[in-house]
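Beneath this line is the structure, given in structure tokens, with notes to follow.
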Amino acid sequence: MPGKPGPMTGLMVGLFAAFAFAMPVAAEPVTTFRLDNGLDVVVIEDHRAPVVVQMIWYRVGAADEPAGHSGIAHFLEHLMFKGTEKIGPNEFSGIVEAQGGDDNAFTSWDYTAYFQRVAADRLDLVMGLEADRMRNLRLMEEDVVTERQVILEERGQRTDSSPGALLSEQMRAAQFMNHPYAIPIIGWRHEMEELSREDALDYYQRFYAPNNATLVIAGDVEPEAVRALAEKHYGPIAPSDGIIPRDRPQEPPQLAERRMTLADERVSEPYVFRTYLAPERDPGAQKEAAALTVLAELLGGSGQTSVLARALQFDSQTAVYASAFYDGSSIDDGTFGLIVVPAPGISLADAEAAMDGVVADFLSTGPDPAALERIRTQVRAGDIYARDDVNTLARRYGEGLSIGLSIEDIDSWDEALSAVTEADIMAAATKVFDRRNAVTGWLTRPEAEAAPAEEATE
């Protein structure tokens, strides 16, 4: 049940961009403490509405799965709704909904999280529900069989039936040659088919414990009241002795670009997609990640004003869409990506050459100072705007802490974005745009051209 916060509208971005540097950054009161059993608790006060969000973040995800058991993290996320001795199968969400609330869960490579949003006076109830299933999950064989079929169907609908998703999956497997980030979160089908009740219980009993979790409570709450409830519901739960440092295999030096073409008759719009290995956002050292965040916005954050859009969609009209992204919210290396959808009559080879030309020109000339100031303002404005939603606030802290950032890192992110200079951006761009660290994919139809064996380097 993965989910992400929705994007803000252009109007909102514009309004907040206009006032970003005139307004002081609203500092929500954030309180942290740790229970005796190892549970970390974060309380974010927001008293504007009588609403509260509870999120429990387990510091385990798809990159921590035992070899040969891909998909077990996501599979267990589904099974967590199958009930305990107190709560019947699939009753959890019904209880939350009966209180006027909603709940969901999501899995990533570095964490698995569960959340409920309810009226503030219902926090006691949902905290009891979540604490109950932290260690008292009741798994019946028939539930495992049924839910295993559900995740297989989910893979069929979201991945196997989508040529774009298949290309992304294959490219990621090529991007990470040794790191488990190469494994899809949902899992490889042949391994998903073999996941058992014992696999799920072993994983659950080892990793779902207070000393491997962060509880985030955001909304109309008082820290001492949250502490009392946390002690009441989570305090009695024993820690796991199976929690050890996450010592993952790391990437060797990548010496050659990898290229692939996926041809599928279902493709309606061919495109060029490239990802580069990129540094992640590190605790106490966020300068490079901030520069890459701004770089992605400069190159492809806007369909009207970004470097790629202006050059490819308007000036040369070789593309109908061009974008860039940076994914650095991870424990280990992330990715920086470029995508170009060529205009009718433009080949993928020509579209890729045009994309490479724009990147080469950017590396030569650097960003336009006015564009840099505008983008830097908009990025920071978006960071400020995100503080207006308790869900986003809870996720901001939960995700950051789950990948090893500190409260200080999270609170100072907007300052890191504001401090990005042209020199920072160019240093980050020069480092990232190394074709030896790149995977280039073509998505096309079977009758279309094949990708050339060699390409000019940037």
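For first residues located in segment 367-395 and more than 19 Å from VAL420 (Cα to Cα), partners that are open to solvent by 60 Å² or more (accessible area, probe 1.4 Å) and in a helix (DSSP H, G or I) and lie 6+ apart or on another chain with Cβ distances below 7 Å form the pairs TYR385/MET12.
I want to confirm something. Restricting to segment 364-375 and keeping residues that are outside any helix (DSSP H, G or I) and on the phi < 0 side of the Ramachandran plot, which single residue is surrounded by the fewest Cβ atoms within 10 Å (Cβ to Cβ)? Even if it seems obvious, please write down each step before you answer.
First, the residues of segment 364-375 that are outside any helix (DSSP H, G or I): 366-368.
Then keep just the ones that are on the phi < 0 side of the Ramachandran plot; that gives 367-368.
Working: PRO367: 20, ASP368: 15.
Result: ASP368.
Does any residue of segment 391-413 turn out to be within 20 Å of ARG310 (Cα to Cα) and open to solvent by less than 20 Å² (accessible area, probe 1.4 Å)? So that I can check it myself, show each step before the final result.
Taking segment 391-413 first, the residues within 20 Å of ARG310 (Cα to Cα) are none.
Within segment 391-413, not a single residue is within 20 Å of ARG310 (Cα to Cα) and open to solvent by less than 20 Å² (accessible area, probe 1.4 Å).
When the residues of segment 181-219 are filtered to those that are in a helix (DSSP H, G or I) and more than 24 Å from ILE244 (Cβ to Cβ), the one that is most open to solvent (accessible area, probe 1.4 Å) is HIS190.
I need the full set of residues from segment 220-242 which are modelled with pLDDT of 95 or more, part of a loop (DSSP other than H, G, I, E, B) and either buried (at least 16 other Cβ atoms within 10 Å of the Cβ) or in contact with a helix residue (DSSP H, G or I) (Cβ under 8 Å, 6 or more places away or on another chain) (or both), in order please. Those that are modelled with pLDDT of 95 or more, part of a loop (DSSP other than H, G, I, E, B) and either buried (at least 16 other Cβ atoms within 10 Å of the Cβ) or in contact with a helix residue (DSSP H, G or I) (Cβ under 8 Å, 6 or more places away or on another chain) (or both): ASP220, VAL221, TYR234, GLY235, ILE237, ALA238, PRO239, SER240. Which pairs have Cβ atoms under 9 Å, sit 6 or more apart or on different chains, and link a residue in segment 138-151 that is assigned to a loop (DSSP other than H, G, I, E, B) to one that is exposed (fewer than 13 other Cβ atoms within 10 Å of the Cβ) and not hydrophobic (A, V, I, L, M, F, W, C)? Close Cβ pairs satisfying both conditions: ARG138/GLU85.
For every residue, the table says whether it meets (1) modelled with pLDDT of 95 or more; (2) touching a His at 6+ places or on another chain (Cβ under 9 Å); (3) surrounded by fewer than 13 Cβ atoms within 10 Å (Cβ to Cβ).
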site	(1), (2), (3)
THR421	no, no, no
VAL432	yes, no, no
ARG435	yes, no, no
VAL439	yes, no, no
THR457	no, no, yes
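Residues in segment 99-110 that are under 26 Å from GLU141 (Cα atoms) and open to solvent by 20 Å² or more (accessible area, probe 1.4 Å): how many? Matching residues across segment 99-110 total 3.
Condition first: among the basic types (Lys, Arg), in contact (Cβ under 8 Å) with a residue 40 or more places away in the chain and farther than 25 Å from ALA238 by Cα. Can you find one or more residues in segment 170-177 that meet it?
Yes, that holds for at least one residue.
A count restricted to segment 111-153 and to residues that are among the hydrophobic types (A, V, I, L, M, F, W, C), farther than 19 Å from ARG197 by Cβ and open to solvent by 30 Å² or more (accessible area, probe 1.4 Å) stands at 3.
Of the strands (runs of 3 or more DSSP E) lying entirely inside segment 253-363, those containing at least 1 residues that are open to solvent by 60 Å² or more (accessible area, probe 1.4 Å) span 258-263, 319-327. If you filter segment 154-169 down to residues that are in contact (Cβ under 8 Å) with a residue 24 or more places away in the chain and of a type outside the set (Gly, Ala, Ser), you find that the one that is surrounded by the fewest Cβ atoms within 10 Å (Cβ to Cβ) is ARG158. Exactly one residue out of LEU393, LEU417 is within 18 Å of PHE336 (Cα to Cα), under 22 Å from the mean Cα position of the chain (by Cα) and at pLDDT below 95, and it is LEU417.
The values are calculated or read from the model by the stated rules, or taken from the named source; none is laboratory data. This is a predicted model, so every value here is computed, not measured. Note that each Cβ is placed from the backbone with ideal geometry, even for glycine, and that neighbours are counted across all protein chains shown. Note: accessible area is taken over every heavy atom of the protein model, side chains too, but ligands, DNA and RNA are not part of it. Shrake-Rupley method; radii C 1.70, N 1.55, O 1.52, S 1.80 Å.
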